[in-house]
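The values are calculated or read from the model by the stated rules, or taken from the named source; none is laboratory data. Since this is a predicted model, take the numbers as computed values, not measurements. Note that we place each Cβ from the backbone using ideal geometry, even for glycine, and neighbour counts take in every protein chain shown. For accessibility, only protein heavy atoms count, side chains too; no ligands or nucleic acids. Shrake-Rupley method; radii C 1.70, N 1.55, O 1.52, S 1.80 Å.
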Amino acid sequence: MTTSPIPDLDPTSRRRGPGWELWRGVSGRLARSLARLHQTWRRSLQVRVVTITLVTSSLLVGGFAYLIADKITSILLDNAKTDVQLRLLNGAEYAAKQFSLYSQPQEAQLQETIDGTVTYLAGGDPQQNSGVVVALTAENWPGVIEARTSPSADVRPLISPELRAAVADGNVANQIRTGRLTGDVERKYLVYGSPVPTRFGQVELYYFVPLTLQDATAAQARATVVATGVALVLLLGLLAALVTRLVVIPVRVAARTAQRLSAGLLDQRMAVNGEDDLALLAASFNQMATNLQRQILRLEEMSRLQRRFTSDVSHELRTPLTTVRMAADLIFAERDGFDPAVARSAELLQAELDRFEELLTDLLEISRFDAGFAVLDAEPTDLVPVVHRVADRLAGLAERVGVTIELDVPAAPVIAEIDPRRVERVLRNLVGNAVEHGEGRPVRITLGMDETAVALTVRDHGVGLKPGEEKLVFNRFWRADPSRARQTGGTGLGLSISLEDARLHGGWLEAWGAPGQGAQFRLTLPARAGDRLTTSPLRLVPADAELPFGGTPAGGLLAIGPGPAGALAIGPAPGPTPPAEQRRAEVGS
């Protein structure tokens with residue numbers, strides 16, 4: 001039995017080798033570290049203040065330390081130059097007196113005088129053991145007068161052509177050169193040269209002064225300045241951290257207290273210590289919290305009383321309404337034997353009693369939602385028959401106003417865990433409003449489903465909604481055009497109840513509209529009760545919506561729909577709704 005080798009699913013990893021894996025791991029850790037630092041920078045005021053203080057103080061102290069160190073180095077170098085200039089001047093005068101007796105460079109005693117002069121000038125140095133070298137040369141008499149140095153050293157590498165030319169021209173010149181003269185250690189030398197006039201011509205006197213002491217002093221000064229600067233920066237950072245902590249801690253306490261207050265813990269307060277500005281902030285915050293608690297409790301009591309009043313009135317009106325309904329039904333049944341005016345009055349009475357009864361039913365339902373007593377009776381339900389049932393019930397109204405109801409539902413069952421009574425009521429309200437405002441044009445009901453959610457859209461081509469009305473449409477008793485005559489005699493609470501039904505399911509109820517293009521409402525519900533919605537199977541902005549500059553949003557163009565603030569926003573037309581549509585304007589959320 002033979003086994004075939006396992007194919008390499010990623011041939012690029014074999015070409016890249018282990019170094020690629022190491023680099024990817026290092027880069028990943030570096031990216032995570034940078035992300036944590038960025039998050040800390042954004043979240044911590046103390047970190048930002050301390051960091052800015054450290055950076056600013058480091059720049060200031062660093063600049064100050066550089067100026068101080070440079071000034072100390074300049075002073076030491078100037079002092080060395082002044083000392084060498086004085087000794088060079090005296091040495092040149094002394095050498096000129098010694099050579100004034102000779103008129104020819106070939107005289108026998110001249111070389112001995114040169115040797116004695118160089119030795120005297122070098123021995124007369126009070127810092128004889130400091131490494132100072134004195135040299136006397138005669139460039140105009142090569143081979144006749146030999147150059148002499150004391151102590152003996154080869155000084156030619158330290159005398160540059162520029163310095164030699166300047167001295168030969170009769171000028172006193174200097175340079176700083178690095179080399180070896182009296183030992184194996186390479187040193188920095190201050191080289192000074194001066195011409196020495198004689199009767200037979202000019203000779204050159206050079207002083208080579210080591211700058212070891214000056215360099216050590218400057219380095220020590222720089223180290224002292226740097227150490228002082230680092231200590232000062234650290235102290236400033238520590239001071240900034242302490243001062244910021246004194247301010248940040250009360251702010252953090254106030255933030256936590258505010259979060260607890262927003263979570264409903266209205267008895268939370270800040271501790272007041274001292275009499276400074278932070279104590280005043282804490283006292284003012286506590287006073288604000290007390291006032292808010294008092295106001296919230298008062299509003300809660302008023303709301304409770306209002307809900308109780310609405311519920312009580314609705315229940316109390318049931319008994320007289322039943323009596324009036326019985327009498328009205330009797331009158332309505334005998335209307336054919338009445339005078340035409342009385343018969344018409346009986347019909348109007350019957351219609352208004354129907355509307356009054358619907359209003360009482362809606363008020364009772366609203367009061368149950370407000371009191372938190374509404375219960376979801378979810379069960380697996382096929383939504384296709386629900387859609388057909390709503391369309392059949394509203395077919396008479398649609399025929400009366402000249403509107404055609406079109407259905408776009410799958411042939412297969414669409415099963416979801418919902419409360420069928422509440423979903424049917426939502427759909428009935430949406431379709432009824434679409435028929436009412438459809439302006440005689442078709443109303444289309446679309447049903448869609450994916451793995452996590454089901455969605456229903458109701459599209460009309462009526463007058464549409466103005467910017468901002470996609471939120472107001474769900475307010476209680478709100479009407480886009482109060483002067484508009486209604487065909488169905490609605491109560492003004494249908495969409496409000498529909499919104500509460502959608503929330504009870506954990507779903508969304510959203511609206512889109514544009515003037516002259518009609519409106520579309522979308523109901524999105526989780527396929528399984530209790531799941532959290534992230535996307536919707538159907539788009540909120542219809543594919544046939546027109547842009548202000550012409551065209552349609554289909555095919556990936558732009559669509560106009562409600563933005564997060566409720567105003568019209570321009571953005572990509574959704575296909576099946578992507579996760580990015582969380583930026584939708586969720587009405588009532």
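For segment 226-323, the solvent-accessible area works out to 71 Å² per residue, with a probe of 1.4 Å and every protein chain left in place.
If the chain linking residue 393 and residue 450 were pulled fully straight, counting 0.36 nm for each residue of separation and taking away their Cα-Cα distance, it would gain 17.8 nm. The residues of segment 329-474 expose, per residue, 50 Å² of accessible area to a 1.4 Å probe. Placing pseudo-labels 7 Å out from each Cα toward the beta carbon at residue 298 and residue 55 gives an inter-label distance of 4.9 nm. Here the calculated FRET efficiency for residue 348 and residue 408, from their Cβ-Cβ distance with R0 = 35 Å, stands at 0.35, rounded to the nearest 0.05.
Using the Karplus relation 6.51 cos²θ - 1.76 cosθ + 1.60 with θ = phi - 60°, the per-residue 3J(HN,Hα) values for segment 415-427 come to 9, 8, 8, 9, 8, x, 5, 6, 5, 5, 5, 4, 5 Hz, with x marking Gly and Pro. For the peptides 172-179, 270-277, 441-448, the ranking by packing is 441-448, 172-179, 270-277, with the highest mean count of neighbouring Cβ atoms within 10 Å listed first. Rolling a 1.4 Å probe over the protein heavy atoms gives segment 45-104 an accessible area of 63 Å² per residue. A cut-off of 5 Å between modelled amide H atoms, ignoring neighbours fewer than 5 places along the same chain, links residue 538 with 577. Rolling a 1.4 Å probe over the protein heavy atoms of segment 45-110, with every protein chain left in place, gives an accessible area that is 66 percent carbon and sulfur.
The length gained by stretching the chain between residue 281 and residue 475 to full extension, at 0.36 nm per residue less their Cα-Cα distance, is 66.0 nm. Within the accessible surface of segment 369-466, defined with a 1.4 Å probe on protein heavy atoms only, the carbon and sulfur portion equals 51 percent. Estimated from the Cβ-Cβ distance and a Förster radius of 51 angstrom, the FRET efficiency linking residue 260 and residue 90 is about 0.05. When DSSP beta bridges are restricted to pairs lying wholly in segment 373-469, around 70% turn out antiparallel. Residue separation of residue 23 and residue 251 scaled by 0.36 nm, minus their Cα-Cα distance, works out to 77.8 nm of gained length.
Across the accessible surface of segment 135-272, with the other protein chains kept in place and a 1.4 Å probe, carbon and sulfur atoms take up 59 percent.
Among 159-169, 468-478, the peptide with the highest mean count of other Cβ atoms within 10 Å heads the list, and the full ranking is 468-478, 159-169.
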